[in-house]
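**Q** This is the structure I have questions about; it appears just below.
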Amino acid sequence: MAVSRIISSLLSRSSPATSALGRRSRVVQRWFSSSAAAVDEEAITPPVQIHYTKLLINGNFVDSASGKTFPTLDPRTGEVIAHVAEGDAEDINRAVSAARKAFDHGPWPKMSAYERSRIMLRFADLVEKHAEELAQLETWDNGKPYQQALKAEIPMFARLFHYYAGWADKIHGLTVPADGPHHVQILHEPIGVAGQIIPWNFPLLMFAWKVGPALACGNTIVLKTAEQTPLTALYAAKLFHEAGLPEGVLNVVSGYGPTAGAALASHMDVDKLAFTGSTETGKVVLELAAKSNLKPVTLELGGKSPFIICEDADIDKAVELAHFALFFNQGQCCCAGSRTYVHERIYDEFIEKAKARAMRRSVGDPFKDGVEQGPQIDAEQFEKVLHYIKLGRDSNANLECGGNRVGSKGYFIQPTVFSNVEDNMSIAQDEIFGPVQSILKFRDIDDVIKRANATRYGLAAGVFTRNIDTANTLSRGLKAGTVWVNCFDVFDAAIPFGGYKMSGIGREKGVYSLNNYLQVKAVVSPLKNPAWL
Ligand code: ADP
């Protein structure tokens, strides 16, 4: 089933999926309240214990070289959840040395691919066993609805490792015919030490998108988590070691971007860099990689994705899907459908229904049953979203609903809808990364393609129509790495993801992610009877 459908059904108040939680989850129900959500009530404390707050280097949890820590905050309240070791350049050096040793001398790249895949499968099993703890930590640190974390994201996290474990023993080279009596083998070798920098909006899923293919290909890793959400990667990495991952293969350094992140991007002994985050920071890390050792870089960056709703659409379904495309995960998705283009013939009805849907969206403590929207990640993002709402109010756009914070603590924002939005407005140009839907009007398909493409981004797009030719014309014309037709946010492990233009370089997931972590070596030798095929 499409993840979007799983998520929508899980979050709807009367969802059978929510009420039919399994036996294990009934224990959770004791603290997972089902009463109505009010953000100013006392925040629910989940039962999970926070055991892992140090850096994970060479298989051991260690303090940072400086001894410094930083607080990770609960976005529901702004209060401290835990103090976490703060990695810096010296810790990145230690982690890279451990990863180098594990690559050059350790068993990992030389281990049989089957054995590597078995470790990854054991890890995925442990993830399923510890799904509730992982989901509780993810919600606590990030603010996303607990049911979304538990029922959609953790299963997808495990699924991604099943998928990449499946690839580990199917990666192989080629024998190619060449002119002359030459035998040519093309070897696909692991690239070495991979540096990976991930963001805060999907801490575990971003871990999987990066760690999964790198390990399947036999690389070793230094992962730098986002400073807002360090907790689940440490827990997951601990489970990986329990599953039999040799020491030094996966090192996790918590810390800030300009210190730990920059040290990783510019490290001379890191062979490859994978980054997910904003376009601005993507440019910085690309430059750091170029100025140091020219390590290859993959970038998954920002977006301002159009979602085009044609005149033949079933309006109720289109409203629900456009709502999901924007508001899912508090609007904190790089691929959010943040420019909703609606055909003029259905525009007025769509606006009324989109507004009604946004006003029904339940905002509150993400640990409460039925809550669809938790807080934004931190004060900075909260202020940024409110700033864009102000820009929207100050423009000619109509504020249909929302526009304010919810409650008096934490970072909750009302689901906000603007109609009458024009292409040149800031709310139609910039990535807001919050619960703000901008709805624009269109008349003509060719014209809407031009308008949809008139952006520096090209991450994703959505199309809603019953006409197969319209769907084909739009999906061929849109310059975006993913086009969802009559669906949105469908993230199967096998589907490649990445952007055109300033939304990034390269693709992750699917078979495409393997190329990011492999070197290609041609071995050429004269031979009497070279292979021709
Ligand atoms: P956002 O603005 O959404 O927080 P960023 O692109 O700033 O996104 O952050 C994504 C990741 O990049 C985080 O792990 C962050 O710590 C890291 N980061 C931020 N600045 C830098 C930098 N100068 N060098 C390397 N990594 C960075």
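The values are calculated or read from the model by the stated rules, or taken from the named source; none is laboratory data. Given the structure is predicted, the values throughout are model-derived calculations rather than measurements. Here the Cβ positions follow ideal geometry from the backbone for every residue, glycine too, while neighbour counts run over all protein chains shown. Surface areas here come from the heavy atoms of the whole protein model, side chains and all, with no ligands, DNA or RNA. Shrake-Rupley method; radii C 1.70, N 1.55, O 1.52, S 1.80 Å.
**Q** Find me the longest stretch of the chain that has none of the exposed chymotrypsin sites (Phe, Trp or Tyr not before Pro), where exposed means in a DSSP loop (not H, G, I, E or B) with at most 14 other Cβ atoms within 10 Å.
**A** 32-531
**Q** What residues qualify as long-range amide H neighbours of HIS183, i.e. H under 5 Å apart, gap of 5 or more or another chain, H built at 1.01 Å from N?
**A** SER525, LEU527
**Q** Along the positive direction of the dipole of the chain (beta-carbon charges: Lys, Arg +1; Asp, Glu -1; about the Cα centre), which of ILE315, LEU250, ALA262 reaches farthest?
**A** Positive-most Cα among the choices belongs to LEU250.
**Q** Then there's this: Using the Karplus curve 6.51 cos²θ - 1.76 cosθ + 1.60 with θ = phi - 60°, what ³J(HN,Hα) values do you get for each residue of the range 192-209, in whole Hz, with x for Gly and Pro?
**A** 3J(HN,Hα) across the range 192-209, in whole Hz: x, 8, 9, x, 9, 10, 10, x, 9, 6, 9, x, 6, 5, 5, 4, 5, 4.
**Q** When the Karplus curve 6.51 cos²θ - 1.76 cosθ + 1.60 is applied with θ = phi - 60°, which whole-Hz ³J(HN,Hα) does each residue of the range 317-334 get, with x for Gly and Pro?
**A** 5, 5, 4, 5, 5, 5, 4, 4, 4, 9, 8, 3, 6, 6, x, 9, 10, 4
**Q** Once Lys and Arg get +1 and Asp and Glu get -1 on their Cβ, which of VAL524, TYR163, HIS387 lies farthest toward the positive end of the dipole of the chain?
**A** VAL524
**Q** Kindly report the accessible area of the range 306-485 per residue (heavy atoms of protein chains, probe 1.4 Å, no ligands, DNA or RNA), in Å². Each step should come with its number before you reach the end.
**A** Values: 6630 Å² over 180 residues.
Result: 37 Å² of accessible area for each residue.
**Q** Using just the helices of the chain, give the 222 nm mean residue ellipticity in deg cm²/dmol: DSSP H runs with n ≥ 4 each add -39,500 (n - 2.57), and the total is spread over all residues, rounded to 500.
**A** Details: 18 runs with 193 residues, N = 533.
After summing the helix terms and dividing by residue count, I get -11000 deg cm²/dmol.
**Q** Along the charge dipole of the range 354-474, Cβ charges K/R +1 and D/E -1, which of SER419, ALA452, GLN429 sits furthest on the positive end?
**A** SER419
**Q** Report the Stokes-Einstein translational diffusion coefficient (µm² s⁻¹, integer) for the range 159-306, Rh taken as the Kirkwood radius over Cα pairs, at 4 °C with viscosity 1.567 mPa s.
**A** Here the translational diffusion coefficient equals 78 µm²/s.
**Q** Within the chain, what whole-number % of the accessible surface is contributed by carbon and sulfur, with the 1.4 Å probe and all protein chains included in the calculation? Working shown, then result.
**A** Working: 10960 of 20850 Å².
Accessible surface attributable to carbon and sulfur in the chain totals 53 percent.
**Q** Still on this structure, please answer the following. May I ask what percent, to the nearest 5, of DSSP beta bridges between residues of the chain are antiparallel?
**A** So the antiparallel bridges amount to about 45 percent of the total.
**Q** Please work out whether the chain counts as rounded, prolate or oblate from its C-alpha gyration tensor, where a ≥ b ≥ c are the square roots of the eigenvalues and a/c under 1.5 means rounded, while otherwise a/b larger than b/c means prolate and anything else oblate?
**A** On the way: a/c = 1.80, a/b = 1.30, b/c = 1.38.
Oblate is the answer for the chain, as a/c is 1.5 or above yet b/c matches or exceeds a/b.
**Q** Ranking request for peptides 372-381, 178-187: highest mean number of other beta-carbon atoms within 10 Å first, then the rest in descending order.
**A** 372-381, 178-187
**Q** While we're on this one: Within the range 486-533, report the trypsin sites (Lys or Arg not before Pro) that DSSP leaves as loop and that have at most 12 other Cβ atoms within 10 Å.
**A** On the way: sites: LYS501, ARG507, LYS509, LYS521, LYS528; in loops: ARG507, LYS509, LYS528.
Here the trypsin sites (Lys or Arg not before Pro) that fit, given the DSSP loop and packing criteria, are LYS528.
**Q** Could you give the size of the charge dipole of the chain about its Cα centre, using +1 on the Cβ of each K and R and -1 on the Cβ of each D and E, expressed in debye and rounded to the nearest 20?
**A** Result for the chain is approximately 900 debye, rounded to the nearest 20.
**Q** At most 13 other Cβ atoms within 10 Å and a DSSP loop assignment: could you name the trypsin sites (Lys or Arg not before Pro) in the range 108-213 that fit?
**A** LYS110, LYS170
**Q** For a label point 7 angstrom out from the Cα of ASP316 toward its Cβ, which stretches of the range 471-492 have the backbone nitrogen within less than 15 Å?
**A** Counting backbone N atoms under 15 Å from the label point, the list is empty.
**Q** Using θ = phi - 60° and the Karplus curve 6.51 cos²θ - 1.76 cosθ + 1.60, what whole-Hz ³J(HN,Hα) does each residue of the range 500-515 get, with Gly and Pro shown as x?
**A** Each residue of the range 500-515 in turn: 7, 6, 7, 8, x, 9, x, 10, 10, 6, x, 5, 5, 5, 5, 4 Hz.
**Q** Check which residues have an amide H placed less than 5 Å from PHE307's amide H, if you skip close sequence neighbours.
**A** So PHE307 has HN proximity to ARG339, THR340, TYR341, GLY462.
**Q** Right, next: Any chance you could get the radius of gyration and Dmax over the Cα atoms of the range 306-485, in Å?
**A** 15.5, 50
**Q** What's the lysine pair count for the range 267-355 at a Cα cut-off below 26 Å, pairs eight or more apart or interchain?
**A** Number of lysine pairs found: 11.
**Q** Measure out, as a whole number of angstrom, how far apart the alpha-carbon centroids of the range 364-382 and the range 479-533 sit.
**A** 35
**Q** Then there is this: Considering only the range 306-485, what is the antiparallel percent among its DSSP beta bridges, to the nearest 5?
**A** So the antiparallel bridges in the range 306-485 amount to around 15 percent.
**Q** Another question about this same structure. ARG361's amide H: which non-local residues (gap 5+, or another chain) put their own amide H closer than 5 Å, with H modeled 1.01 Å from N in plane and none for Pro or chain starts?
**A** Those lying under 5 Å, H to H, from ARG361: there are none.
**Q** Between the range 131-204 and the range 315-351, how far is it from one alpha carbon centroid to the other, in angstrom?
**A** 30
**Q** Quick one: net charge of ASP104's neighbours, Cβ under 12 Å, K/R +1, D/E -1?
**A** Charge balance near ASP104 sits at +1.
**Q** With a Cα-only, solvent-free Debye model of the range 188-257, what are the log10 I(q)/I(0) values at q = 0.12, 0.13, 0.15, 0.18 Å⁻¹?
**A** Each listed q maps to, in turn, -0.28, -0.33, -0.44, -0.63.
**Q** Follow-up. Could you give the size of the charge dipole of the range 480-533 about its Cα centre, using +1 on the Cβ of each K and R and -1 on the Cβ of each D and E, expressed in debye and rounded to the nearest 20?
**A** 340
**Q** How many nm is it between the label spots at LYS409 and ARG393, if each spot is 7 Å from the Cα in line with the beta carbon?
**A** According to this spin-label approximation, the distance is 2.5 nm.
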